[in-house]
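To keep things clear, I will list the structure first and then write my remarks on it.
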Amino acid sequence: MLVKRSPRAPRLVTAAVATAGLALSMLLPASPASAAPTRYEAENATISQGAVATNHTGYSGTGFVDGTNIAGSYTQFTVDAATAGSATIAIRYANGTAANRAADIAVNGTTVSAAHAFNGTGSWDTWTTDTITATVNAGSNTIRVTATTADGNANLDYVDFEVASTPPPATEYQAEDAAISQGVVESNHTGFTGTGFVNYDNATGSYVQFAVSAANAGSTNIVLRYANGTTVNRPMTIAVNGVNVATSVAFNSTSTWDTWATATVTATLNAGSNTIRATATTANGGPNLDRINLTAGGGGGGAPTAAQLLAKVSTCNQISNGKYKTDEDVATATVAVCQKTGAVFWKGDMDIDCDGVRTTQCNENTDCCFQADTFCHTSGDSPLNAANLPYVVVPSASSIWDYRNYSIGCGTVVAVIYNNQVEYAVVGDTGPTAIIGESSYKTASDLGINPDPSNGGTDSGVTYIVFQGSQRVSPIENHTNAVTLGQSLASTFLSNN
């Protein structure tokens with residue numbers, strides 16, 4: 001039995017602002033994008049009432065902008081966008097005071113975030129990144145950060161800028177149109193799409209088989225939308241063209257038959273016609289099945305495999321100041337955080353985080369240390385659902401390591417690798433400052449690890465690769481987007497290491 005960890009740090013409240021195409025947050029997810037961001041150093045920007053300085057450490061480039069302590073002082077960046085659309089703007093700054101140094105952020109002369117908070121970072125040598133999204137034009141654009149108080153701006157290091165690409169549309173196949181063995185089409189619950197859903201018979205071997213088409217051969221994400229109103233997992237085996245590609249895939253409880261969730265399997269399809277069969281493996285039958293969506297997997301030559309990713313993290317360039325414990329009751333700290341190009345990683349155990357929304361699996365009765373909140377929130381400002389969303393817990397900022405200084409935050413994609421499987425999760429919660437290796441109930445379940453918060457988890461064999469940068473899953477609760485973005489980032493990671 002793995003010992004449950006001590007309670008995590010309280011959630012920091014972040015503001016969400018919506019104005020004229022803007023979604024804003026400090027650590028809330030930014031929109032996914034397909035290319036690396038372009039960096040614009042503050043020392044090369046237009047400066048009004050300020051100067052380039054180098055008297056603090058940790059900055060990028062040749063210096064940073066120290067704005068004059070006066071309202072109205074500003075730094076203006078000129079950036080280029082290949083296409084018009086939603087852009088992610090990540091502003092790196094330091095504020096060694098205890099006071100917020102608020103600023104108006106304007107894009108092309110229009111304020112998109114009024115009195116945006118640039119809170120204290122602890123010291124002038126400690127840098128953090130705030131991310132906003134805003135609509136930009138094709139070609140040249142300006143981004144101006146203007147102090148709104150007599151304290152002036154925070155010290156500004158750079159802006160990372162990228163325009164989000166539109167992911168390829170998913171191809172949808174309704175379960176009621178598929179071939180059904182030992183099951184019926186029904187519509188007696190709410191929330192389904194199409195004209196109904198398939199209610200599996202309570203029998204081992206009952207199945208739904210979809211006939212699908214692929215324009216090209218390659219890796220494909222198969223996203224199954226389902227409901228399970230019971231309290232027990234209803235696992236299924238997924239076969240493509242008669243070959244099992246995933247066995248005992250978990251379809252855990254969704255609390256009610258009117259509540260729907262998704263499970264994702266990645267497999268290679270042939271060009272042209274294919275079959276995808278979802279077969280119940282227990283006497284309870286399968287869950288109610290609504291549809292499947294197919295989206296292209298990342299990597300060009302197929303989704304990166306566990307073996308490919310593990311080969312890139314065989315050695316450690318340690319960046320943590322010391323090491324972490326795996327559990328509260330162990331005597332020795334053994335886990336280091338390591339740096340690779342575009343990602344950090346660690347290897348250790350997995351404990352189960354069940355915090356957030358109360359569900360049948362996660363509540364005060366199933367988890368001794370349950371908290372009804374998570375550090376990161378959904379797009380609707382609700383806690384995450386540990387039973388339905390794969391997410392990872394990162395240690396709260398400390399002298400050992402501060403994730404915030406590595407372009408990591410809510411919605412950052414994490415490749416969690418266990419037993420030759422890859423699960424793409426998001427950063428969703430923060431934990432104790434001295435312990436590492438914890439993931440949500442759903443992450444464990446998807447990887448075949450016992451997800452019970454009282455006695456589950458695994459003592460070893462888990463690798464966490466956290467992809468750095470401003471690309472985040474949006475909305476954070478959309479696991480399909482996490483898989484799509486994760487595979488793309490994993491492919492880039494393989495290329496760069």
From 347, 340, residue being open to solvent by 60 Å² or more (accessible area, probe 1.4 Å), touching a residue at least 60 places away in the same chain (Cβ under 8 Å) and under 16 Å from residue 463 (Cβ atoms): 347
Taking segment 423-451, which residues are closer than 23 Å to residue 233 by Cα and either touching a Lys or Arg at 6+ places or on another chain (Cβ under 8 Å) or among the aliphatic types (A, V, I, L, M) (or both)? 425, 426, 438, 444, 447, 449, 451
Note on segment 234-250: residues modelled with pLDDT of 90 or more and touching a Gly at 6+ places or on another chain (Cβ under 8 Å) are 234, 236
Residue 461 fails exactly one of (1) farther than 30 Å from residue 255 by Cβ; (2) open to solvent by 30 Å² or more (accessible area, probe 1.4 Å); (3) touching a helix residue (DSSP H, G or I) at 6+ places or on another chain (Cβ under 8 Å), namely (3)
Given the residues 414, 427, 392, 422, which is the only one that is among the hydrophobic types (A, V, I, L, M, F, W, C), in contact with a strand residue (DSSP E or B) (Cβ under 9 Å, 6 or more places away or on another chain), at pLDDT below 95 and assigned to a strand (DSSP E or B)? 422
Of (1) within 30 Å of residue 484 (Cβ to Cβ); (2) of a type in the set (Asp, Glu); (3) open to solvent by 30 Å² or more (accessible area, probe 1.4 Å), residue 130 fails just (3)
Going through segment 58-73 in order, the residues found to be open to solvent by less than 50 Å² (accessible area, probe 1.4 Å) and outside any loop (DSSP other than H, G, I, E, B) are 64, 65, 67
Among the listed residues 87, 115, which satisfies the condition of being surrounded by fewer than 17 Cβ atoms within 10 Å (Cβ to Cβ), in a strand (DSSP E or B) and among the hydrophobic types (A, V, I, L, M, F, W, C)? 115
Criterion first (touching a helix residue (DSSP H, G or I) at 6+ places or on another chain (Cβ under 8 Å), in a loop (DSSP other than H, G, I, E, B) and either touching a residue at least 60 places away in the same chain (Cβ under 8 Å) or open to solvent by 50 Å² or more (accessible area, probe 1.4 Å) (or both)) does residue 252 satisfy it? yes
Step by step: first the residues of segment 320-334, then only those that are of a type outside the set (Gly, Ala, Ser), in a loop (DSSP other than H, G, I, E, B) and open to solvent by less than 40 Å² (accessible area, probe 1.4 Å), then the one that is modelled with the highest pLDDT. Which residue is that? 326
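The values are calculated or read from the model by the stated rules, or taken from the named source; none is laboratory data. Predicted model, so just to flag it, every value in this text is computed and none were measured. Note that we place each Cβ from the backbone using ideal geometry, even for glycine, and neighbour counts take in every protein chain shown. Quick note on the areas: whole protein, heavy atoms, side chains included, nothing else; ligands and nucleic acids left out. Shrake-Rupley method; radii C 1.70, N 1.55, O 1.52, S 1.80 Å.
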